[in-house]
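Q: Just dropping this structure here.
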Amino acid sequence: MRIRIIGIVIFVSLFLVVAGLFYVQVVKGPHYQRLSSQNRIRLLTIESPRGRIFDRNGELLVDNRISFDVAVIPQELKDRERVFKKLSKSLNIPKEELGKALKNNFVTPFQPTKIVFDIGKEKAIMIEEERLDLPGVIIETRPQRHYVNKNIGSHIVGYLGQINSRELTRLKSYGYAMNDLIGRAGIEKFFNNYLRGRHGGMQIEVNNRGYQVGILGIKEPVKGKDIYLTVDIRLQEFVEKIFENARGGACVMDPRDGQILCLVSSPAFDPNLFVSSKNPAGITKLLTSDRYPMLNRLIQCEYPPGSVFKIVTTSAALDKKKITPNTTLSCDGSYSLGGKSFRCWKKKGHGQQTIREAIKNSCNVFFYQIARMAGADNIALYAERYGFGYPTGIDLPDEKSGLVPNKKWKLLKKREPWYEGETLNYAIGQGFLLVNTMQILRMTSVVANGGYLVKPYLVKKIEDVNISDVEKRPVEISETTLNILRDGLIKVVNDEGGTGRRAAVEGLTIAGKTGTAQTSTSKTHAWFTGFAPADNSKAALVVFLEYGGKGGLGASKTASRIFQKMRDLGYL
Amino acid sequence: MRNRLYRNFDRVLLVVALVIFVIGISSIYSATYTEGSSALRGLVLKQCIWMAVALVILFIVISIDYQRFVDFAYILFGLNVILLIIVLIFGRTRFGAQRWFSIGVFGFQPSEFLKITFILALSSYLGSKAKFTYQPSDLVVPFIIMLLPLTLIYMQPDLGTALMLIPILFSMLIVRGVRIRHLLTIVILGLSALPFMWFMLKDYQRQRLSVFIDPNADPLGAGYTMIQSRIAIGSGFVFGKGWLSGTQNQLNFLPERHTDFIFSVIGEEGGFIGCIILLALYCILIYRGLKIAQTTGDTYGRLMATGIVSMIACQVIVNTGMASGFMPVVGLPLPLMSYGGSSLLTTMISIALLLSIGMRKPRF
């Protein structure tokens with residue numbers, strides 16, 4: 001009968017539906033299961049706070065504070081005109097800028113888009129109170145870097161910057177994400193991997209409008225590790241105040257183990273500027289200033305050392321037995337070589353001197369003579385023994401290594417033989433020779449600690465782990481030579497007529513050496529390096545004034561003030 | 001007399017219908033479980049009230065000889081067509097279509113009831129031997145009976161329900177014994193007219209047809225329902241996510257899930273097994289219906305039963321096919337499952353008529 005036809009048509013159709021369901025649910029089931037999870041599950045990053053930075057006494061230097069940002073959920077922003085008008089009034093930001101920020105940062109209709117950053121707690125509360133009247137506007141919080149002391153210590157702690165695309169491709173496998181902040185200088189850069197935390201994440205369940213309806217899982221963010229410095233912020237602040245507007249730097253180090261008590265490079269900058277994008281003009285000003293405030297002059301610059309280098313010349317001559325402690329040489333104000341006259345800084349001359357007196361007087365002519373006796377290559381050898389020509393290994397990024405020339409170097413690089421006149425320049429720390437300030441400080445420490453090179457360091461502890469492993473490398477310089485040097489350096493500060501008299505502090509035996517380095521301009525760089533107490537040294541120091549005149553004046557005076565402050569703080 | 005009548009009462013048919021309804025109620029409960037809007041919360045209760053009303057009407061219909069309905073078929077049909085005209089002019093608009101009358105909080109859809117009065121009218125015409133002579137000219141009146149309400153329903157616009165009349169007519173013509181040759185000719189003519197139909201479609205209907213071909217052309221607009229429904233059904237996998245645990249459903253990704261897309265809820269929460277069980281129940285329902293059509297000796301009864309079974313079967317096939325993404329989206333409820341009083345009443349009256357026909361087999 002014909003009803004069978006109807007039956008067959010119906011049941012065949014139903015069978016096709018079942019076959020279709022089998023395909024969709026069983027064959028493609030896993031595929032649709034995945035799509036269904038993608039529909040409802042969103043991943044939110046929970047930003048992790050960076051590790052904090054403390055000074056040696058547990059004084060907080062770098063912290064994280066909560067930054068309040070205004071964000072909008074585009075699909076909830078029904079009455080955009082009115083809401084933006086209201087926001088613009090309470091935040092004092094032009095309406096057009098809000099619209100522009102929304103357009104630039106927009107991702108998806110349901111994802112909160114940040115439009116104003118870091119509005120401060122009061123305004124955040126104000127907006128939070130008016131939320132009913134501002135549909136689609138929310139306040140988001142995130143940890144933001146805060147440099148408690150602003151300029152003070154900025155060259156030590158450094159600053160942060162947003163990761164760029166090239167770095168991101170390189171570092172992606174290490175868990176870096178877009179918009180991550182990464183250290184750009186100082187400790188922030190050198191210890192970035194310790195300071196940065198691991199982002200956490202939250203798997204949230206959303207409904208069809210993107211509203212969160214539940215939390216499926218949380219991976220707590222891992223806080224970055226706290227770092228404890230060897231620096232004493234009180235001393236740091238004191239020294240920075242001395243420098244104020246001057247260009248130059250100073251560093252105090254314990255010569256026994258290399259821990260740095262203060263490290264000042266001037267001018268400095270306020271790292272907080274780089275945290276928020278509120279002041280791009282301020283950043284531009286910093287980056288383009290002809291005073292180069294972003295440069296850490298102590299480690300990222302190379303200078304001629306001038307007379308402080310006479311410590312090396314002395315060591316070479318004494319150690320190589322070219323002179324004895326009692327050898328006397330005479331100075332009549334100048335020294336002639338090949339028809340050319342090389343002058344001493346004192347026109348009248350210093351007369352007959354032993355090495356100790358020559359150091360005290362910083363007599364150029366005396367050192368010309370012993371340099372010629374030792375030879376340029378021996379000076380180079382001793383310069384290297386004192387650590388010149390290599391980075392000191394301080395835990396700060398981008399250290400320069402300086403340049404220690406010798407005869408072979410000259411031939412290879414300049415394709416010229418070494419001239420004897422250059423040996424004379426070498427003797428007084430001029431010529432091709434270039435050093436960084438930390439190297440000078442390390443050289444001084446060798447004399448102070450009785451014969452070993454230390455590696456300067458700023459970080460003593462990461463979280464609970466003590467990392468101040470002291471690296472002491474014995475220097476191949478005889479003890480007698482070092483003793484003679486120490487005698488000479490004590491005379492510089494303490495004896496009548498010593499070049500570093502201004503560095504003296506009542507009641508302290510300070511040893512030191514001044515330097516006045518000639519530059520390509522008429523102005524000279526001023527150096528002072530020294531240590532105290534002279535017999536059992538607990539602090540070595542270097543002061544450098546870029547185009548600062550004579551080392552015996554400003555630089556020595558500064559050193560004296562620093563030594564005094566150190567005694568006040570109980571270090572001496 | 002009474003006893004003999006109820007000896008032939010098909011209990012299985014009624015029980016299966018009630019079981020499907022219970023599954024439907026639990027699905028509606030799940031579909032409205034997390035819905036924030038309070039207007040949707042009372043739907044389960046409302047649907048139960050409708051069922052109570054439907055059961056009362058069911059027993060009234062059963063107690064009346066179905067021949068009485070055939071006698072008044074044209075009048076009922078005529079009244080229903082008038083209602084369709086009135087609803088076009090005065091009806092309430094919902095989802096952009098004028099389908100509704102309001103009776104208190106309950107909505108009322110004349111186009112649903114038309115399916116029954118249409119079947120009655122056709123049975124009445126085709127069943128009278130005097131008027132039917134197997135000539136092609138005899139097909140004119142049945143087609144007029146179909147095209148008149150079809151046009152009115154199409155204008156609401158409700159393409160799904162309108163098109164539903166076509167297979168009902170064809171199934172009844174086949175059973176009446178119309179030459180297959182003639183029917184094929186009409187089908188071919190109809191198909192060749194299809195391209196012109198495209199221009200008659202409303203914009204939203206064209207959009208629905210285009211997204212059927214490529215749902216991803218407009219994933220958040222017209223294709224959204226289709227994609228989300230298919231994801232819901234597919235993600236149910238073999239055993240489903242469990243009652244009240246369908247994420248697509250509970251998190252509101254599925255639009256219209258308590259009405260036309262109720263099958264997606266079953267598919268997601270009950271999985272392939274759940275779908276098979278539900279379809280098996282429909283198969284029993286359809287099989288029992290066909291059995292009644294086959295065993296009744298009365299031509300009117302057979303035609304009526306055929307029309308009713310085709311109507312239910314078509315809705316099941318089109319609705320499930322649409323929910324799983326194999327057919328374009330047309331607004332058709334799943335009989336006994338979808339929320340909606342008119343649809344439920346229509347289906348229950350149809351089942352009452354089937355039962356009535358089964359009970360009143362002529363004596364041999």
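Coordinate-derived values only; no laboratory data. Note that the coordinates shown come from a computational prediction; the quantities given were computed from them, not determined experimentally. Note: ideal-geometry Cβ built from the backbone for every residue, glycine included; neighbour counts use all protein chains shown.
Q: Using only the alpha-carbon atoms, how far is helix B:110-127 inclined from the longest principal axis of chain B? Give it as 0 to 90 degrees, nearest 10.
A: Tilt of helix B:110-127: around 30 degrees.
Q: Report the Cα centroid-to-centroid distance between segment B:304-325 and segment A:348-409 in angstrom, as an integer.
A: The distance from the Cα centre of segment B:304-325 to that of segment A:348-409 comes to 102 Å.
Q: How big is the charge dipole of the protein assembly as shown about its Cα centre, in debye rounded to the nearest 20, if each Lys and Arg gets +1 on its Cβ and each Asp and Glu gets -1 on its Cβ? Please report the intermediate quantities before stating the final value.
A: On the way: 111 positive and 71 negative charges, 247 e Å.
In total the dipole reaches around 1180 debye.
Q: Kindly point out which whole DSSP H helices in chain A project their C-alpha atoms 20 angstrom or further along the helix axis while averaging a Kyte-Doolittle hydropathy of 1.0 or above.
A: A:2-21
Q: Taking N as the number of residues in segment A:427-487, what is its Cα Rg relative to 2.2 N^0.38 Å? All intermediate terms of the calculation are to be shown ahead of the outcome.
A: Values: Rg = 14.8 Å, N = 61, 2.2 N^0.38 = 10.5 Å.
Expressed relative to 2.2 N^0.38 Å, the Cα Rg reads 1.41.
Q: Same structure again: If you place +1 on the Cβ of every Lys and Arg, -1 on the Cβ of every Asp and Glu, and leave all else neutral, what size is the dipole of segment A:518-572 about its Cα centre, to the nearest 20 Debye? If you can, show how the numbers build up before the last one.
A: On the way: 7 positive and 3 negative charges, 27 e Å.
With only Lys, Arg, Asp and Glu charged at Cβ, the dipole is about 140 debye.
Q: List the residues of segment A:46-72 whose backbone N lies under 12 Å from a point placed 7 Å from the Cα of residue A:141 along the Cα-to-Cβ direction.
A: A:65-69
Q: Let me ask you something else. Students often forget the sequence filter, so: which lysines lie under 19 Å Cα-Cα from residue A:322 once same-chain residues fewer than 8 apart are removed?
A: Counting by Cα, and skipping residues close in sequence, residue A:322 has these lysines nearby: A:310.
Q: To continue, here is another question. Out of the GluC sites (Glu not before Pro) in segment A:457-537, which ones are loop residues according to DSSP with at most 14 other C-beta atoms within 10 Å?
A: Counting only loop positions with at most 14 other Cβ atoms within 10 Å, the GluC sites (Glu not before Pro) in segment A:457-537 are A:463, A:471, A:476, A:496, A:506.
Q: If I model a spin label as a point 7 Å beyond the Cα along the Cα-Cβ vector, how far apart are those points for residue A:538 and residue A:37 in nm?
A: In this crude label model, residue A:538 to residue A:37 measures out at 6.4 nm.
Q: Moving on to the next point. Calculate, axis by axis, the spread of Cα positions in segment A:289-328 along the three principal axes, and write the results as whole Å, longest axis first.
A: 51, 16, 10
Q: I'd like the Kirkwood hydrodynamic radius of segment A:236-301, using the inverse of the mean 1/r over distinct C-alpha pairs, in Å.
A: Working: mean 1/r = 0.0759 Å⁻¹.
One over the average 1/r among Cα pairs gives 13.2 Å for segment A:236-301.
Q: So, in nm, how far is label residue A:467 from label residue B:7 when the simple model puts each one 7 Å beyond its Cα toward the Cβ?
A: The modelled label-to-label distance comes out at 9.9 nm.
Q: As an exercise, use a Förster radius of 41 Å and the Cβ-Cβ distance of residue B:55 and residue A:45 to find the FRET efficiency, rounded to the nearest 0.05.
A: Details: r = 57 Å, r/R0 = 1.39.
Efficiency computed from Cβ-Cβ geometry: 0.10.
Q: Let me ask another. Hey, what does the equivalent ellipsoid look like for the protein assembly as shown, semi-axes from the Cα gyration tensor as sqrt of 5 times each eigenvalue, largest first, whole Å? Walk me through the intermediate numbers first.
A: Values: eigenvalues 2059, 118, 102 Å².
Rounded to whole Å, the semi-axes are 101, 24, 23.
Q: OK, next. Divide, for segment A:1-93, the radius of gyration over alpha carbons by 2.2 N^0.38 Å, where N is the residue count.
A: Numbers: Rg = 30.4 Å, N = 93, 2.2 N^0.38 = 12.3 Å.
In units of the 2.2 N^0.38 Å rule of thumb, it is 2.47.
Q: Still on this structure: State the number of lysine pairs found in segment B:2-359 whose Cα atoms come within less than 27 Å, restricting to pairs 8 or more positions apart or on distinct chains.
A: Working: B:46/B:115; B:46/B:241; B:115/B:129; B:115/B:131; B:115/B:202; B:115/B:291; B:129/B:291; B:131/B:291.
Summing the qualifying lysine pairs gives 8.
Q: Please name which of A:208, A:21, A:551 has its Cα lying farthest along the dipole of the protein assembly as shown towards the positive end, using unit charges on Cβ (Lys, Arg +1; Asp, Glu -1) and the Cα centre as origin.
A: With unit charges placed on the Cβ atoms, the residue in question is A:21.
Q: In segment A:77-112, which trypsin sites (Lys or Arg not before Pro) fall in coil by DSSP and have 13 or fewer other Cβ atoms within 10 Å? The partial results should precede the final answer.
A: Numbers: sites: A:78, A:80, A:82, A:85, A:86, A:89, A:95, A:100, A:103; in loops: A:78.
Passing sites in segment A:77-112 are A:78.
Q: Related question: With +1 assigned to the C-beta of every Lys and Arg and -1 to the C-beta of every Asp and Glu, and no other charges, what is the dipole magnitude of segment B:2-359 about the Cα centre in debye, to the nearest 20? Mind showing how you got there, number by number?
A: Working: 25 positive and 15 negative charges, 162 e Å.
My answer is approximately 780 debye.
Q: Still on this structure, please answer the following. How high is the FRET efficiency from residue A:167 to residue B:48, r the C-beta distance, R0 56 Å, rounded to 0.05?
A: 0.30
Q: Regarding segment B:2-359, what whole-number volume in Å³ per residue does the convex hull of its Cα atoms give?
A: Numbers: hull volume 49.5 nm³, N = 358.
So the per-residue Cα hull volume is 138 Å³.
Q: Moving to a separate point now. Lys/Arg Cβ at +1, Asp/Glu Cβ at -1, dipole of segment B:2-359 taken about the Cα centre: which of B:294, B:147, B:74 is farthest positive-ward?
A: Of the candidates, B:294 comes out farthest on the positive side.
Q: Another question about this same structure. Taking 7 Å along the Cα-to-C-beta vector as the label spot, tell me the residue A:520-residue A:133 distance in nanometres, rounded to one decimal.
A: Label-label distance for residue A:520 and residue A:133, simple model: 6.4 nm.
Q: Roughly how many whole Å is it from the C-alpha centroid of segment A:224-239 to that of segment A:140-173?
A: Using only Cα atoms, the two centres lie 18 Å from each other.
Q: Identify all lysines with a Cα-Cα distance to residue A:565 below 24 Å; exclude those on the same chain that are fewer than 8 residues away in sequence.
A: Cα-Cα hits under 24 Å: A:150, A:241, A:460, A:491, A:513, A:538, A:550, A:557.
Q: Any chance you could check the Cα centroid distance between segment A:31-48 and segment A:452-507 for me, in angstrom?
A: The two parts, judged by their Cα centres, are 61 Å apart.
Q: Further, regarding this structure: Can you give the extra length, in nm with one decimal, that the chain gains between residue B:243 and residue B:202 once fully stretched, where that is 0.36 nm per residue apart less the Cα-Cα distance?
A: Values: separation 41, 0.36 × 41 = 14.76 nm, distance 3.76 nm.
Here the answer is 11.0 nm.
Q: With unit charges on the beta carbons (Lys and Arg positive, Asp and Glu negative) and the dipole taken about the Cα centre of segment A:248-352, which residue among A:318, A:337, A:287 sits farthest to the positive side?
A: Most positive-ward Cα: A:337.
Q: Tell me the Rg and the Dmax, in Å, that the Cα atoms of segment A:64-170 produce.
A: Expressed in Å, the Cα Rg and Dmax of segment A:64-170 come to 16.3, 49.
Q: Which value does Rg/Rh take for segment A:463-553 over its C-alpha atoms, Rh per Kirkwood?
A: Values: Rg = 16.1 Å, Rh = 14.9 Å.
With Rh from the inverse mean 1/r over Cα pairs, Rg/Rh is 1.08.
Q: Something else: What is the helix-to-structure angle for B:140-155, meaning the angle in degrees between its Cα long axis and the longest Cα principal axis of chain B, kept from 0 to 90 and rounded to the nearest 10?
A: Value to nearest ten degrees: 20.
Q: To the nearest 10 degrees, how steeply does helix B:159-176 sit against the main Cα axis of chain B, on a 0 to 90 scale?
A: Compared with the principal axis, the helix lies near 30 degrees.
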